[in-house]
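Since the structure comes first, as C-alpha cells, the remarks are kept for the end.
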Amino acid sequence: MDATLPAATTALAAAGTVQIDALGVMGPYRSRSRVPLTSVSGAPIGEISQVPALYVRRTLAAMRAAPVVPADERLAAMERAADVFATATIGGFDPDGYVELVSTASGVPRAVVRQSVEWITDVLRSQREVLELARPTGAVGDWRDGRTYAGSAVWARRGDLFAVHAAGNTPAVHGLWPEALALGYKVVVRPSSREPYTAFRLVTALREAGFPPATITLLPTDHGVADVIIGESDFAIVYGGQDVVDKYGAIPTVLPQGPGRSKILVTADVDWREKIDLIAGSVSHLGGTACTCTTAVLVEGDPAPLAEALAQRLGRIPSLPADDPQAILTVQPTASVVEIDRYLHRIAGNARPLLGGDTIVDELPGGGAVLRPAVHLVDSATAPQLGVELPFPCVWIGPWRPSDGLAPLRDTLVLTAMTTRGELIDALLDDPTITNVYVGDHPTTWLRPGVPHDGYLADVLMRTKGMIRSA
Amino acid sequence: MSTTVLDLPEPGRPPSDLDPQEYLAALMRWHFSTETGSAFWLRRVRGLEFDPIADVRTFDDLRLFPNVVDEFRDVPVEDLIPRGLTGADRAIAGVYESGGTTGRPKRFVMFDRWMEFALGWDEAHYTPLGQANVLAVAPSGPHMFGEFARRRARRHDGVLFSVDLDPRWIKALLGRGDTEESERYVAHVVDQAAHVLRTQTVGVLITTPPLLERLSRHDDLVEIIRKDVRYICWSGAHLDADTRDLFRDELFPGIPLKGLYGSTTILGMSRERDVERADGLAAFDPPSPYIAFRVVDPATGDDVADEQRGQVVMNHLTKYALIPNNLERDHALRIAPPPGWLGASVADVGPVATFADSPVIEGVY
C-alpha cells in the first residue's frame with residue numbers, strides 16, 4: 001500500500017471543510033448548531049450538525065409513517081449497498097480517502113479501518129443467509145409461504161423503528177445494525193461525534209442502493225437529544241462504557257454494548273506455548289479497541305511464563321502514526337493517553353507489570369500519542385483487575401484452578417476456552433453471563449456474519465405468530 | 001419635586017428625549033426621599049455603604065447596589081409601595097410571585113399603569129391582528145404571565161382561554177428526577193390546550209417553546225394552528241435557532257412567532273427584535289430606561305463584550321419600583337442595544353451551556 005496520502009482528501013480534510021449533515025427524510029439537513037470535527041492530533045477536519053429534538057421527533061414520525069420495503073428488495077439493496085460502501089466515492093471521499101479520513105480522525109490504524117470495512121461489507125452481503133440462520137425453523141419468513149395453509153409460525157417484527165447510538169472507536173460497530181434493516185426495521189443512526197464518517201458513508205450507501213430516505217436516517221445530536229432518539233424508537237442499540245450499561249441495562253428495549261471483558265482460559269491439558277501468537281493477536285486485534293479483544297487470560301498452573309511471553313510479543317509492536325500502513329496500535333490525543341495511563345496506574349495497584357508499567361504513552365512527532373500495550377500479572381483468579389477493560393491492548397494474566405469454578409470467567413462477551421474438558425465447556429455454555437464460547441485455537445476476536453455476536457438481533461427484534469389460512 | 005421625567009409615555013409613544021442621567025437622578029430622588037420612597041427602600045438605605053441620591057449618577061453606578069431580591073421573599077408587600085404614588089398611579093393590578101425555583105418565592109407589586117405600559121412594549125407586533133381570542137398555555141396562579149395574557153385578549157376584543165402550567169410543580173418533579181410524572185403532567189396540560197384548540201377559534205397562542213413542541217407532535221393540532229392562529233407568542237424557556245427555524249419554516253410558515261424575555265423581578269418583558277440576526281437567534285430589547293439589562297462575566301462581574309456570553313443582570317427602574325442590579329440565573333449573548341439605550345440587549349437566553357460529551361475512560365466505546 002502506498003504510504004502517501006491521496007492528495008484531494010488530505011487537502012479537503014486539512015482545510016477543515018468536511019461537513020457531516022443529518023440525512024433526514026427530506027434529504028440532507030445542516031443545522032445552525034454544529035460542533036467541530038478534529039483529528040487525534042487536534043487538526044480541524046470540519047463540522048458536524050447537531051440537530052434539535054424537534055427535528056428528531058418529526059423525522060421519526062415520518063419514518064414510522066413510511067411503508068416497509070419488501071424483504072426481497074431489502075436484501076437485494078443491501079447487497080448493492082455493500083458494493084457502494086466498498087467502492088464508491090461518497091461525500092467526496094473515495095474508498096482510500098475514506099479510510100484515511102477515519103484513521104486521521106479516530107486514530108484507528110488504516111489497516112484496522114480496512115478490516116472493519118471488509119467486515120461491514122461482508123455483513124451487508126450475507127444478510128439473506130443471516131436471516132435464514134436466525135429464523136426459528138418452525139417459522140416462515142412470509143405469510144404467503146404455503147406452509148401457513150396447514151398452520152405454522154410466521155416470523156414477525158416486534159416493532160418498527162430501530163435506533164443506533166454508535167461509538168467511534170472502531171468502524172466495526174456498524175457491523176451489527178444492518179441486521180435490523182434486513183429484518184424490515186427502519187433504522188435511525190446517531191453517529192459518534194469523533195468518527196461519524198463510517199455511519200455517514202454506510203447510510204448514504206444504503207440510500208444509493210435503493211433504501212428510501214424514510215427507512216434509514218442519520219441524525220447527529222448531542223447526548224441529550226440522543227436520549228430522545230433512544231426513547232422514541234422501539235428498540236435501540238447503544239454503545240458505551242459501564243455507565244451506559246448501568247443506565248440502560250434495565251430497559252428491555254435497549255441493547256447496551258458495553259465493556260466485553262473477553263477472556264481466554266488455558267487449562268493444564270493444553271500447552272499455551274503453541275498459542276502465544278493467537279493470544280497476543282486476541283489482545284492487539286483492532287488496536288485493542290473492540291469489545292471482543294482479550295482483557296484477561298486465566299491460566300491453570302503458573303501464569304508467569306505465559307505473561308512474560310505475551311509481554312515479549314506485544315512489546316515488539318512498533319509505535320507508528322495511525323495512517324502508516326504497518327500501524328497496529330491506536331493513536332489518541334496525548335492528553336487522553338496520559339489520562340488513560342494515569343488511570344491504568346491507579347487501577348493496577350499491586351498487579352505486577354510486565355509491559356507498560358512505566359508508561360503506555362508514546363508521543364508521536366506529528367501529534368497525538370500511541371497507546372502502547374500493557375501486560376500485568378495478578379496473583380488470584382478473583383483479582384478485580386481481571387475485569388478492567390481499557391481501550392487499548394491491556395491484558396491481565398492470572399492463575400485459575402478448577403476449584404475457583406466459573407466465577408472468574410463470568411461477565412464475558414467472548415470466552416476462548418483452550419481446553420479439552422467437555423464438562424467445563426458444558427458449564428460455560430450454561431452460564432447466562434458468558435455470551436459466546438469459543439473452544440480451542442480461536443481468538444476472542446473471531447467473527448463471522450451469521451454466527452451471533454450478542455445473540456442474533458432477531459432474538460430481540462422478532463417474534464413468532466401463529467397462522468393458519470384457507471386457500 | 002418635579003417627577004414628570006419619571007412619568008411613563010402615553011400608550012404607543014416612545015419615551016422621547018429622555019436623558020438617562022437626568023432620569024436616574026430623578027429616580028434616586030424619588031425612591032430615597034421620605035415623601036415618595038417605599039418603606040422598604042427608606043429602611044434599606046440605612047444599610048447601604050453609599051448615598052444613592054449623591055452617588056448614583058450613571059447606569060454603571062447601579063452596580064453599587066446589592067442584590068436585594070432575596071429580601072422580597074419576606075417583606076410585607078405594603079412596604080414595597082412608593083409613598084409618592086397617588087390616584088391612578090397607585091392602582092394595583094396584582095401581587096405576583098417569582099417561579100420559586102431557588103427557594104421560597106419572591107413577591108412583587110404590579111401597578112396597573114406600569115402593567116399597561118409593559119404589555120404595550122411589543123404592541124406593534126399585535127396591531128395588525130384586529131379581533132382575536134387568546135389561548136395562553138402558561139403559568140397563571142401567582143405569576144404575572146396569566147394577567148398579561150388576560151389583558152392581551154382584552155386589547156383584541158377577544159376572550160382568554162387559559163390552561164394553567166404550574167412551573168413550581170414541574171421543577172419539583174424534575175428536581176427529584178421524576179421524569180415520568182413530569183411527562184404525564186405535560187401531557188395533561190397539552191390535552192387541555194388541545195381541547196381548546198379543537199373546539200374554539202384561537203387567534204393568538206401564547207406558550208413556551210417546549211409546550212409548542214409538544215403541541216406540534218399532534219398533526220391535527222398543527223393543522224388547526226395553521227388554519228386559525230395568526231400569532232404565536234413564546235416565552236419562559238430557551239428556544240434554539242434550529243428549533244426556531246423549524247417552527248417558522250416547516251411547522252407554522254407565515255405565522256409570526258415572536259418571543260418575550262422577561263422575569264417577575266423586572267415586572268415585565270423585553271421584546272423580540274424584528275431585525276433578524278444571521279445566526280438565527282431571537283434578540284431581545286428591553287424597554288430602556290425602565291428596564292435595562294447588562295450581561296456580565298460570572299467570575300468577575302464585569303460586562304462582557306458584544307456577542308459574548310455571560311450572565312444576565314436585570315434592573316427595573318421606574319417610579320413604581322426600584323429593583324436594581326439583580327443577577328438572574330439566565331445566561332445570554334450580549335448584543336448591542338439600540339443607540340442611546342441603557343445597558344445591553346440579549347440573545348440566546350438560556351441556562352448555562354453544558355457539554356454532555358465528557359470523557360469516560362473505562363470500556364472501549
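The values are calculated or read from the model by the stated rules, or taken from the named source; none is laboratory data. Since the model is a prediction, treat every value here as computed from it, not as a measurement. Note: ideal-geometry Cβ built from the backbone for every residue, glycine included; neighbour counts use all protein chains shown. The protein model used for the area step is the full one, side chains on, heavy atoms only, and it has no ligands, DNA or RNA in it. Shrake-Rupley method; radii C 1.70, N 1.55, O 1.52, S 1.80 Å.
Considering the range B:236-250 alone, what residues qualify as being small (G, A, S), surrounded by fewer than 21 Cβ atoms within 10 Å (Cβ to Cβ) and away from every other protein chain (no Cβ under 11 Å)? Answer for the range B:236-250, where residues must be small (G, A, S), surrounded by fewer than 21 Cβ atoms within 10 Å (Cβ to Cβ) and away from every other protein chain (no Cβ under 11 Å): just B:A237. Test A:S126 against the criterion of being surrounded by fewer than 24 Cβ atoms within 10 Å (Cβ to Cβ), within 20 Å of the chain's Cα centre (by Cα), farther than 30 Å from A:P333 by Cβ and assigned by TED's automatic domain parsing to the domain that holds A:G231, and give yes or no. So A:S126 fits the description; yes. In the range A:180-270, counting only helices (runs of 4 or more DSSP H) that sit wholly within it, the ones holding 1 or more residues that are closer than 26 Å to A:P95 by Cα span A:197-208. Only one of the numbered conditions (1) more than 23 Å from A:Q257 (Cβ to Cβ); (2) in contact with a helix residue (DSSP H, G or I) (Cβ under 9 Å, 6 or more places away or on another chain); (3) exposed (fewer than 15 other Cβ atoms within 10 Å of the Cβ) is violated by A:P373, and that is (3). Criterion first (within 14 Å of another protein chain (Cβ to nearest Cβ), surrounded by 15 or more Cβ atoms within 10 Å (Cβ to Cβ) and part of a loop (DSSP other than H, G, I, E, B)) does A:V108 satisfy it? For A:V108, the condition - within 14 Å of another protein chain (Cβ to nearest Cβ), surrounded by 15 or more Cβ atoms within 10 Å (Cβ to Cβ) and part of a loop (DSSP other than H, G, I, E, B) - is met.
Screening the range B:267-290 for residues that are in contact with a helix residue (DSSP H, G or I) (Cβ under 6 Å, 6 or more places away or on another chain) and of a type in the set (G, A, S) and picking the one that is surrounded by the fewest Cβ atoms within 10 Å (Cβ to Cβ) gives B:G280.
Within the range B:214-222, none of the residues are open to solvent by less than 30 Å² (accessible area, probe 1.4 Å), among the acidic types (D, E) and under 19 Å from A:R57 (Cα atoms).
Report yes if A:L219 is more than 14 Å from chain B (Cβ to nearest Cβ), surrounded by 20 or more Cβ atoms within 10 Å (Cβ to Cβ), more than 24 Å from A:A407 (Cα to Cα) and of a type in the set (A, V, I, L, M), otherwise no. No: the conditions fail for A:L219. Applying the criterion of being assigned to a helix (DSSP H, G or I) and not aliphatic (A, V, I, L, M) to the residues of the range A:398-438, the residue that is least open to solvent (accessible area, probe 1.4 Å) is A:P408. Among the residues making up the range A:26-68, those that are closer than 28 Å to B:S216 by Cα, of a type in the set (V, I, T) and either away from every other protein chain (no Cβ under 14 Å) or surrounded by fewer than 21 Cβ atoms within 10 Å (Cβ to Cβ) (or both) are A:V35, A:V68.
For the range B:216-235, the candidate set comprises residues that are hydrophobic (A, V, I, L, M, F, W, C) and closer than 19 Å to A:R64 by Cβ; within that set, the residue that is farthest from the other protein chains (Cβ to nearest Cβ) is B:L221. When you check A:T294 against the structure, is it buried (at least 23 other Cβ atoms within 10 Å of the Cβ), over 29 Å from A:I230 (Cβ atoms) and within 14 Å of chain B (Cβ to nearest Cβ), yes or no? Considered against the rule, which asks whether it is buried (at least 23 other Cβ atoms within 10 Å of the Cβ), over 29 Å from A:I230 (Cβ atoms) and within 14 Å of chain B (Cβ to nearest Cβ), A:T294 comes out as yes.
Considering the range A:242-274, and only residues there that are more than 22 Å from A:V187 (Cβ to Cβ), buried (at least 20 other Cβ atoms within 10 Å of the Cβ) and not aliphatic (A, V, I, L, M), the residue that is farthest from the other protein chains (Cβ to nearest Cβ) turns out to be A:W272.
Scan the range A:346-370 for residues that are exposed (fewer than 15 other Cβ atoms within 10 Å of the Cβ), out of contact with any His (no Cβ under 7 Å at 6 or more places or on another chain) and outside any loop (DSSP other than H, G, I, E, B) and jot them down. Once the filter is applied, which keeps residues that are exposed (fewer than 15 other Cβ atoms within 10 Å of the Cβ), out of contact with any His (no Cβ under 7 Å at 6 or more places or on another chain) and outside any loop (DSSP other than H, G, I, E, B), the range A:346-370 yields A:R346, A:E363. Does A:E132 fit the bill of being assigned to a helix (DSSP H, G or I), surrounded by fewer than 17 Cβ atoms within 10 Å (Cβ to Cβ) and among the acidic types (D, E)? The answer is yes for A:E132.
Candidates in the range A:439-453 are the residues that are of a type outside the set (D, E) and closer than 16 Å to A:V299 by Cα; of these, the one that is least open to solvent (accessible area, probe 1.4 Å) is A:T444.
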